[in-house]
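Take a look at the structure set out below.
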Amino acid sequence: MTDQHAVVVARRPGRALSAQDGLASLLAAYHVQTQAEKGEAVAGVDGLPDRYRSEIADPQAAFVDDVVLLAMSGDTAVGCLVVTAPVDGRTEVKRLWTDPAFRGLGVASSLVSTALVHAAESGLSAVRLSVWKWRTGAIALYERLGFTATESWDARDQLVCMERAV
């Protein structure tokens, strides 16, 4: 008997993404939810700011220099995380999202852990991220995985910036 919730994390260079990989729908859910949490609810993707709509419309172009991690349950993408191209010996992770039906199963932990392994294998010294302060579950996850709050590099209000050495 196979576990219907068994999830495997796959690394894909941004330039190798395809329309069939499921990333666009995960990004759409992420961005629509984030806008609602910011108090700027939108009815759908068309109501999102241009920079987010462009990620959803063409993830391959948006993340061409990055590595995208996809958590797959069979042929279905159930989670994602973008690992940006390195700058000054470190990388940034962003767009962590898990399909709500797969939450609580370790998908997000697996994605972040895979990003840390990727950074170490790439010879990087640190991984950083920013997270909205109201996402307390995500902050707790990052802290469990060794991230600590650091001085902000982003001027947007209500962001917590974190970093971890690899």
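Here are some notes:
- Close amide H partners of L48, meaning residues 5 or more places away or on another chain with modelled amide H under 5 Å apart, do not exist here.
- In a fully extended conformation the segment linking A41 and S25 would gain 4.0 nm over its present Cα-Cα distance, using 0.36 nm per residue.
- Highest average packing first - 155-163, 60-68, 79-87, Cβ atoms within 10 Å: 79-87, 60-68, 155-163
- The distance from the alpha carbon centre of region 36-61 to that of region 94-138 is 21 Å, rounded to a whole number.
- Net dipole in debye of the chain [+1 Lys, Arg Cβ; -1 Asp, Glu Cβ; about Cα centre; nearest 20]: 240
- Here the Karplus relation 6.51 cos²θ - 1.76 cosθ + 1.60, evaluated at θ = phi - 60°, turns the backbone of region 149-156 into coupling constants of 5, 9, 4, 5, 10, 10, 6, 5 Hz, with x for every Gly and Pro.
- Contact order for region 8-165, expressed relative to its length and based on alpha carbon pairs under 8 Å spaced 6+ residues apart, stands at 19 percent.
- Karplus-based coupling profile of region 78-86, in residue order and whole Hz: 10, x, 8, 7, 9, 10, 6, 4, x, with θ = phi - 60° in 6.51 cos²θ - 1.76 cosθ + 1.60 and x standing for Gly or Pro.
- Calculated from backbone phi, Karplus (6.51, -1.76, 1.60) coupling profile of region 138-144 in Hz, x at Gly/Pro: 5, 4, 4, 4, 4, 5, 4
- Cα gyration tensor, the chain - rounded (a/c under 1.5), prolate or oblate: rounded
Read the figures in this text as sums done on the coordinates, not as results from a lab. The structure displayed is predicted, hence computed values, not measured ones. Backbone-built Cβ (ideal geometry, glycine too); neighbour counts: all protein chains shown.
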